[in-house]
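I have placed the structure first, in the form of structure tokens, so that the comments after it can refer back to it.
FYI, it's all coordinate maths here, none of it is from the lab. As the structure is a prediction and not an experimental result, all values here were calculated from the model. Here the Cβ positions follow ideal geometry from the backbone for every residue, glycine too, while neighbour counts run over all protein chains shown.
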Amino acid sequence: MLLEKLNWRYATKKMDPEKKVPQEKVDAILEAARLAPTSSGLQPYEIIVVSDPDKRARIREVAWDQAQVTEGSHLLVFAAWDNYTEDRINMMFDLVNEERGFTNEGWEAYRQKLLGAYVTRDADVNYEHAARQAYIGLGIALTAAAFENVDATPMEGFDADKVDEILGLRARGLRSLTLVPLGYRETEGDWLVKLKKVRRPKEDFVSVI
């Protein structure tokens, strides 16, 4: 049951470097994020799987020395578009037309509406919008990891500018948002694993109006 999996998951603090997540599970997590909803279907972010040990070690240095970065089986970096451009918006609309095999007058009118609204906006406004879409994918990736019984720890505690430099993201029009090590918990070395999961009571969290 999904809720049981979500109760099982937590922000793992210690991962077993000897345990590798099977590739099919990693692929399932990535595919879940790829299928996540985004505003206007633009998918304005990418996921970088960092496998290079040297780059992971350098990222750990600028991520408060969080051990999961190098001890986890895989390291995912969620990176948002730095801006909405005419080329990027057209790329997604053209892809939809190609995949569906037809064009639609209403859809093309919507393309022009987005081009007029997004391309003229300030780049920082567009980046923040893209970042919010990436976080939807992040949430679904974490849920998918729990479904696969894979530990995943979302991290914002890192120097994003330096991670961007290490991975060459700015040259690709991307900015890093979150790091997500995947792996398997090492229960003997994790102070958090045995502590009760605490969330606000439903009556303080959900309002019915």
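Can you tell me the dipole magnitude for the chain around its Cα centre, using point charges on the Cβ only (Lys, Arg +1; Asp, Glu -1), in Debye to the nearest 20?
Working: 29 positive and 35 negative charges, 144 e Å.
For the chain, the charge dipole is close to 700 debye.
Based on other C-beta atoms within 10 Å, arrange E31, E186 from fewest to most.
Values: E31 11, E186 19.
So the residues, fewest neighbours to most, are E31, E186.
For segment 121-134, what does the Karplus curve 6.51 cos²θ - 1.76 cosθ + 1.60, with θ = phi - 60°, yield as ³J(HN,Hα) per residue in whole Hz, taken in order and with x for Gly and Pro?
6, 4, 4, 5, 5, 5, 4, 4, 5, 4, 4, 5, 5, 4
Taking the chain, how many lysine pairs are there with alpha carbons less than 22 Å apart, if each pair must be eight or more places apart or span two chains?
23
Considering only C-alpha atoms, what is the centroid distance from segment 127-202 to segment 58-95, in Å?
Between the Cα centres of segment 127-202 and segment 58-95 lies a distance of 10 Å.
Restricting to DSSP H runs of at least four residues, report the calculated mean residue ellipticity at 222 nm for the chain, -39500 (n - 2.57) per run over all residues, nearest 500 deg cm²/dmol. Intermediate values should be presented prior to the final figure.
Details: 9 runs with 98 residues, N = 209.
Rounded to the nearest 500, the figure is -14000 deg cm²/dmol.
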